[in-house]
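The values are calculated or read from the model by the stated rules, or taken from the named source; none is laboratory data. Treat the numbers as computed from the prediction; the structure is a model and nothing was measured. Using ideal geometry, Cβ is built from the backbone for each residue, glycine included, and neighbour counts are taken over all protein chains shown. Surface accessibility is based on the protein's heavy atoms, side chains included, excluding ligands, DNA and RNA. Shrake-Rupley method; radii C 1.70, N 1.55, O 1.52, S 1.80 Å.
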Amino acid sequence: YMAIEGKLAAVICIEDPLREEAPQIIKNLKAAGISKVVMMTGDSDRTAKAIAKRVGVDVYYSEVLPEDKANFVEQEKAAGRKVIMIGDGINDSPALSAADIGIAISDGAEIARDIADVTMSGDLSEIVTLKLISNKLMKRIHKNYRNIVGFNTALIILGVTGILQPTVSALLHNTSTLYISLKSMENLLEEENEVEEYI
């Protein structure tokens, strides 16, 4: 508020505007497998409630202190959840450190960048891309594991029963290892459209 000679002359409103793409990013993250999106802010409840409604988070907490954010992360982890924390300020540093994965925004505070596991640019769509990459990486790991165990089990059985000679079995084992290794080097997000449909 601004007063001149004790009388109200003006009301100055300062707003940190919501990024236009934020609501869509939240939807995309949920589509990619994030089950719960929480917003924590030091802002007043009135401001936080309005932003939370517009952006589409599941839960919001207002007027929180840095230690409140870190405590919340620890509580979620104690409940058996994997926690990803995204922040850019000094106040976010304790929670970034406590999370399973801390993601800092590159133009944020230096301490947040130093503590975080991942630093990304201000482009929020990179969070969705990161989630898609991790989803596909885990699928590839599980697929490779099943293939290796299945193929090697078959080789052992064929070797024990005398159907395959040890040299042939060794050759097939090494060939399969080389093949799976080469397949694992393929791009996780083969088609650009695969990412664009989420962004």
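Okay, here's what the table says:
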{"read-out": "Residue satisfying all of: in segment 125-145; within 21 Å of Ala95 (Cα to Cα) and in contact (Cβ under 8 Å) with a residue 60 or more places away in the chain; most open to solvent (accessible area, probe 1.4 Å) among these", "value": "Lys131"}
{"read-out": "Among (1) closer than 30 Å to Thr177 by Cβ; (2) among the hydrophobic types (A, V, I, L, M, F, W, C); (3) open to solvent by 40 Å² or more (accessible area, probe 1.4 Å) - the single one Ala50 does not satisfy", "value": "(1)"}
{"read-out": "Selected residue (criterion: nearest to the chain's Cα centre (by Cα)) from residues of segment 80-110 that are aliphatic (A, V, I, L, M) and closer than 11 Å to Pro66 by Cβ", "value": "Leu96"}
{"read-out": "First in segment 26-48 and without any contact (Cβ under 8 Å) to a residue 24 or more places away in the chain, second anywhere and aromatic (Phe, Trp, Tyr) and open to solvent by 50 Å² or more (accessible area, probe 1.4 Å), Cβ under 8 Å, 6 or more apart", "value": "Met39/Tyr60; Met39/Tyr61; Thr41/Tyr60; Thr41/Tyr61; Ala48/Tyr60; Ala48/Tyr61"}
{"read-out": "Segment 109-124 residues that are farther than 19 Å from Glu21 by Cβ and open to solvent by less than 20 Å² (accessible area, probe 1.4 Å), paired with ones that are in a helix (DSSP H, G or I) and among the acidic types (Asp, Glu) (beta carbon under 6 Å, 6 or more apart)", "value": "Ala112/Asp92"}
{"read-out": "Leading residue by the ranking (modelled with the highest pLDDT) among those in segment 171-195 that are open to solvent by 100 Å² or more (accessible area, probe 1.4 Å) and acidic (Asp, Glu)", "value": "Glu190"}
{"read-out": "Long-range neighbours under 6 Å by Cβ, at least six apart or interchain, first residue free of Cβ contacts under 8 Å to residues at least 40 places away in the same chain within segment 158-170, second in a helix (DSSP H, G or I) and not hydroxyl-bearing (Ser, Thr, Tyr)", "value": "Leu164/Leu158; Ser169/Leu155; Ser169/Gly159"}
{"read-out": "Unmet requirement for Arg46, which otherwise passes all of (1) of a type in the set (Lys, Arg); (2) at pLDDT 90 or above; (3) in a helix (DSSP H, G or I)", "value": "(2)"}
{"read-out": "Which listed residue is open to solvent by 50 Å² or more (accessible area, probe 1.4 Å) and farther than 16 Å from Ser97 by Cβ, from Asp45, Asp68", "value": "Asp45"}
{"read-out": "Members of segment 146-170 that are more than 20 Å from Ser184 (Cβ to Cβ), polar (S, T, N, Q) and surrounded by 13 or more Cβ atoms within 10 Å (Cβ to Cβ)", "value": "Ser169"}
